[in-house]
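**Q** Attaching a single structure in structure tokens format; questions to follow.
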């Protein structure tokens with residue numbers, strides 16, 4: 001049995017025997033358990049006079065949901081990437097007096113093709129997720145959902161920080177052209193949208209934990 005499981009079992013038996021939470025905390029602290037470990041073990045059981053103790057809902061892992069959220073994550077990533085890529089091509093076309101290269105045409109066609117595939121897929125999966133959460137709020141406790149959500153927050157945060165870094169560097173280097181500013185704004189808008197979406201989703205997930 002894992003130490004965390006042993007601790008949870010001990011807390012359960014102590015609560016059944018009528019010990020108060022303060023007594024349990026003191027006993028475990030004297031035995032060398034860290035305060036955070038004791039708090040987590042006590043948080044496993046609801047504060048109620050009902051016997052036996054009532055377990056609180058805990059996060060869970062599902063292979064089916066791992067597949068769903070991984071595919072949704074890829075669809076979002078491809079959508080965000082190709083929105084930026086297509087936007088860069090359009091900005092360069094607009095700002096440049098040079099003839100459009102065949103490479104640029106291929107790049108734009110590829111981005112448009114990717115958006116036609118992945119953007120509707122992401123919207124469909126998002127709609128499916130919203131309906132599933134409405135039918136079964138316990139899905140908010142999915143550990144897989146939280147992991148992919150926080151990974152998306154991490155990556156979008158890096159994009160925003162990189163955007164700010166690039167802006168400061170260009171400003172100090174004297175390279176702050178209109179084309180560069182438009183590209184920075186595009187990256188910031190896409191990364192900010194992703195960050196805002198998942199920030200709300202993760203706040204909802206933590207409230208439902």
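Only the coordinates and a few stated rules stand behind these numbers; no lab work does. This structure is a prediction, so every number in the text was calculated from the model and none was measured. Glycine also receives a Cβ, built like all others from the backbone with ideal geometry; neighbour counts cover every protein chain displayed.
**Q** Could you identify which residue out of 169, 197, 69 has the top mean-square fluctuation in a GNM of the chain using Cα springs shorter than 10 Å?
**A** Of 169, 197, 69, the most mobile in the Gaussian network model is 169.
**Q** Looking at the chain as a GNM with Cα springs under 10 Å, which of 185, 42, 158 has the largest mean-square fluctuation?
**A** 42
**Q** Further question on the same structure: Using a Gaussian network model of the chain whose springs link C-alpha atoms within less than 10 Å, name the residue from 151, 16, 112 with the highest mean-square fluctuation.
**A** It is 16.
**Q** Over the Cα atoms of the range 35-79, Rg to Rh with Kirkwood Rh, two decimal places? The partial results should precede the final answer.
**A** Values: Rg = 17.7 Å, Rh = 13.7 Å.
Ratio of gyration radius to Kirkwood radius: 1.30.
**Q** Using alpha carbon coordinates only, what is the Rg to Rh ratio of the range 3-43, with Rh defined as the Kirkwood radius?
**A** 0.91
**Q** In what sequence do 131, 93, 12 fall when counting other Cβ within 10 Å, fewest first?
**A** Ordered by Cβ neighbours within 10 Å, fewest first: 131, 93, 12.
**Q** May I ask for the Rg/Rh ratio of the chain, computed from Cα atoms with Rh as the Kirkwood radius, given to two decimals?
**A** 1.18
**Q** Something else about it: Rounded to the nearest 500 deg cm²/dmol, what is the calculated helix-only ellipticity per residue at 222 nm for the chain, with -39500 (n - 2.57) per DSSP H run of length n ≥ 4?
**A** When only DSSP H runs of four or more count, the value is -27000 deg cm²/dmol.
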